[in-house]
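Where a number appears in this text, it was derived from the coordinates with a stated rule and is not lab data. For clarity, every value in this text was computed on a predicted model and none was experimentally measured. Note that we place each Cβ from the backbone using ideal geometry, even for glycine, and neighbour counts take in every protein chain shown.
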Amino acid sequence: MSTRTAGLIPPPPLVYLVFMGGAWGLANSLPLDLPEHTLANLGGWVLLLVGIVLMAWAALTMHRHRTTINPYGTPSRLLQSGPFRYSRNPIYLADILIYGAVGLWLDSLWPWLLLPILIIVMQRTVIQPEERLLMRLFGDDYRDYRVRVRRWL
């Protein structure tokens, strides 16, 4: 185990799955359809593909620099290359893109209405604890990185 315990933050994939399940349930019980658009299906595939590529790029960057991808692990390095040049949280950004793909395929406004809440939950329950850990581990280097690189994009 790391300097954190697993009970302090929820598993990030579970947070996204809970919101996807909630959006699906709401879409089925209280339909709120998206305005009809012929490119919604294609847009979903594009978001899915971009999300998968971004996630793989981030995971490969982490592997290449021999640091953990496990949100409960302790990072050995502060990554500032690859997708981490553009986003402090490229994997969570990839998760948002994949969530958006599912949102388009559900053909419902519910995923989009829940998205701001999902982002707030992720920031408060997952990202902020991770940022506190990174601050303790990397100090001024992390502080400088936060000034240069935005949390999401």
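Brief remarks follow.
- Each listed q (0.21, 0.25 Å⁻¹) maps to a log10 I(q)/I(0) for segment 78-128 from the Debye sum over equal C-alpha point scatterers, namely -0.80, -0.96.
- Taken over the C-alpha atoms, the chain has Rg and Dmax values of 16.7, 49 angstrom.
- Ordering 146-153, 124-131, 103-110 by mean Cβ neighbour count within 10 Å, with the highest value first, yields 103-110, 124-131, 146-153.
- Segment 14-66: Cα Rg divided by the 2.2 N^0.38 Å rule of thumb: 1.59
- Phi angles of segment 31-37 translate, via the Karplus equation with coefficients 6.51, -1.76, 1.60 and θ = phi - 60°, into HN-Hα couplings of x, 9, 5, 5, x, 4, 8 Hz per residue; Gly and Pro are given as x.
- Segment 116-136 and segment 73-105 have Cα centres spaced 13 Å apart.
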